[in-house]
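What follows is a single structure, and I will ask about it in a moment.
The values are calculated or read from the model by the stated rules, or taken from the named source; none is laboratory data. Please read all numbers here as calculations on a predicted model, not as lab measurements. All Cβ positions, even for glycine, are placed from backbone atoms using ideal geometry, and neighbour counts span all protein chains on display. Remember, those area values only see protein heavy atoms, side chains included, never the ligands or the DNA or RNA. Shrake-Rupley method; radii C 1.70, N 1.55, O 1.52, S 1.80 Å.
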Amino acid sequence: MSTKLLYFDTDCISAFFWVKCEWLLDTLYPGRLMLPRETYSELSRVPHLQTQADIMLSSGRIQIENIEIGTEEYSLFDNLSNPNQGQIIIGKGEAACIALAKIRNGILASNNMRDIIFHIHKFKLEYKTTAIIMKEAFEAGLITDNDGNLLWSKMLARKRKLPFPTFTDYLNSL
């Protein structure tokens, strides 16, 4: 079992916040949930998402991670969030997660594969998506196939991007 920290981008953690099942994250990865300051700032644009993050923060179930100027993380973050011409433009939350996961040997938690797959391969990053986390919850016996389908449909209804129409379809594709 890995003890690496998970650095959550907005799209991934908000999928769990929107359907009020962030308890799956604490149960699967206790003490390992990290929100880069940039992700927290993005969550702050939606009051109830910020409230859910604040509840997790105040109870110690998740931590905010700052990127300090002058550090190796900051150098990589700055390069990723202010790309040279021709490079893919990614959000500040994604850039922070990539920089922290790379430099601190953590796990990137993001759903925006189209924008970040290049960096995942370039830096040989371990990563998790909402779908992977749901599969791990299923394998751990935290949710049933029916629970997974219900959560999945609620996530899709909240405009979360998932790779298949149902959780069952996703499991069957593996």
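Checking ALA109 against (1) more than 25 Å from GLU68 (Cβ to Cβ); (2) modelled with pLDDT of 95 or more; (3) touching a Phe, Trp or Tyr at 6+ places or on another chain (Cβ under 6 Å), which single condition isn't satisfied?
If we test ALA109 against (1) more than 25 Å from GLU68 (Cβ to Cβ); (2) modelled with pLDDT of 95 or more; (3) touching a Phe, Trp or Tyr at 6+ places or on another chain (Cβ under 6 Å), just (1) comes out false.
Could you list all residues from the stretch 142-174 that are under 18 Å from THR27 (Cβ atoms) and open to solvent by 60 Å² or more (accessible area, probe 1.4 Å)?
Across the stretch 142-174, the qualifying residues are THR144, ASP147, LEU150.
Sticking with this one: Regarding SER110, is this residue among the hydroxyl-bearing types (Ser, Thr, Tyr) and touching an Asp or Glu at 6+ places or on another chain (Cβ under 8 Å)? Talk me through it step by step, then tell me what you get.
Values: among the hydroxyl-bearing types (Ser, Thr, Tyr): yes; touching an Asp or Glu at 6+ places or on another chain (Cβ under 8 Å): yes.
Considered against the rule, which asks whether it is among the hydroxyl-bearing types (Ser, Thr, Tyr) and touching an Asp or Glu at 6+ places or on another chain (Cβ under 8 Å), SER110 comes out as yes.
I'm checking my understanding of the structure. Among residues of the stretch 25-80 that are assigned to a loop (DSSP other than H, G, I, E, B) and closer than 16 Å to ILE103 by Cβ, which one is most open to solvent (accessible area, probe 1.4 Å)?
Step one: filter the stretch 25-80 for residues assigned to a loop (DSSP other than H, G, I, E, B), giving 29-32, 44-46, 59-62, 66-71.
Okay, now just the ones that are also closer than 16 Å to ILE103 by Cβ, so 66-71.
Working: ASN66: 63, ILE67: 25, GLU68: 108, ILE69: 139, GLY70: 74, THR71: 46 Å².
Ranking the candidates gives ILE69 first.
In a helix (DSSP H, G or I), among the hydrophobic types (A, V, I, L, M, F, W, C), touching a residue at least 40 places away in the same chain (Cβ under 8 Å) and crowded, with 18+ Cβ neighbours inside 10 Å: does that describe ILE133?
On the way: in a helix (DSSP H, G or I): yes; among the hydrophobic types (A, V, I, L, M, F, W, C): yes; touching a residue at least 40 places away in the same chain (Cβ under 8 Å): yes; crowded, with 18+ Cβ neighbours inside 10 Å: yes.
For ILE133, the condition - in a helix (DSSP H, G or I), among the hydrophobic types (A, V, I, L, M, F, W, C), touching a residue at least 40 places away in the same chain (Cβ under 8 Å) and crowded, with 18+ Cβ neighbours inside 10 Å - is met.
Here's a follow-up. Look through LEU151, LEU108, LEU156, LEU162 and report the one residue that is in contact with a His (Cβ under 9 Å, 6 or more places away or on another chain) and either more than 20 Å from GLU38 (Cβ to Cβ) or not in a helix (DSSP H, G or I) (or both). Spell out how you get there, then give the answer.
Working: LEU151 fails: in contact with a His (Cβ under 9 Å, 6 or more places away or on another chain); LEU156 fails: in contact with a His (Cβ under 9 Å, 6 or more places away or on another chain); LEU162 fails: in contact with a His (Cβ under 9 Å, 6 or more places away or on another chain).
The match here is LEU108.
All but one of (1) in contact with a Gly (Cβ under 6 Å, 6 or more places away or on another chain); (2) modelled with pLDDT under 95 hold for THR3; which doesn't?
(1)
Kindly evaluate ASN84 against the criterion of being out of contact with any helix residue (DSSP H, G or I) (no Cβ under 9 Å at 6 or more places or on another chain) and free of Cβ contacts under 8 Å to residues at least 24 places away in the same chain.
Details: out of contact with any helix residue (DSSP H, G or I) (no Cβ under 9 Å at 6 or more places or on another chain): yes; free of Cβ contacts under 8 Å to residues at least 24 places away in the same chain: yes.
It is true that ASN84 is out of contact with any helix residue (DSSP H, G or I) (no Cβ under 9 Å at 6 or more places or on another chain) and free of Cβ contacts under 8 Å to residues at least 24 places away in the same chain.
What number of residues in the stretch 86-100 are modelled with pLDDT of 95 or more and either surrounded by fewer than 20 Cβ atoms within 10 Å (Cβ to Cβ) or within 12 Å of LYS122 (Cβ to Cβ) (or both)?
Here the count works out to 1.
Another question about this same structure. Would you tally the residues in the stretch 117-130 being without any contact (Cβ under 8 Å) to a residue 40 or more places away in the chain, open to solvent by less than 30 Å² (accessible area, probe 1.4 Å) and assigned to a helix (DSSP H, G or I)? Walk me through how you get there before you give the answer.
The initial filter retains those residues of the stretch 117-130 that are without any contact (Cβ under 8 Å) to a residue 40 or more places away in the chain, namely 117-125, 127.
Still in the running and open to solvent by less than 30 Å² (accessible area, probe 1.4 Å): 119-120, 125.
Next, from what is left, pick out any that are assigned to a helix (DSSP H, G or I): 119-120.
Adding up the residues that qualify gives 2.
Just one of (1) out of contact with any helix residue (DSSP H, G or I) (no Cβ under 7 Å at 6 or more places or on another chain); (2) free of Cβ contacts under 8 Å to residues at least 12 places away in the same chain trips up SER153, so point out which.
Against the list (1) out of contact with any helix residue (DSSP H, G or I) (no Cβ under 7 Å at 6 or more places or on another chain); (2) free of Cβ contacts under 8 Å to residues at least 12 places away in the same chain, SER153 comes up short only on (2).
For the stretch 1-24, give me the residue count where each residue is in contact (Cβ under 8 Å) with a residue 60 or more places away in the chain and open to solvent by less than 10 Å² (accessible area, probe 1.4 Å).
Adding up the residues that qualify gives 11.
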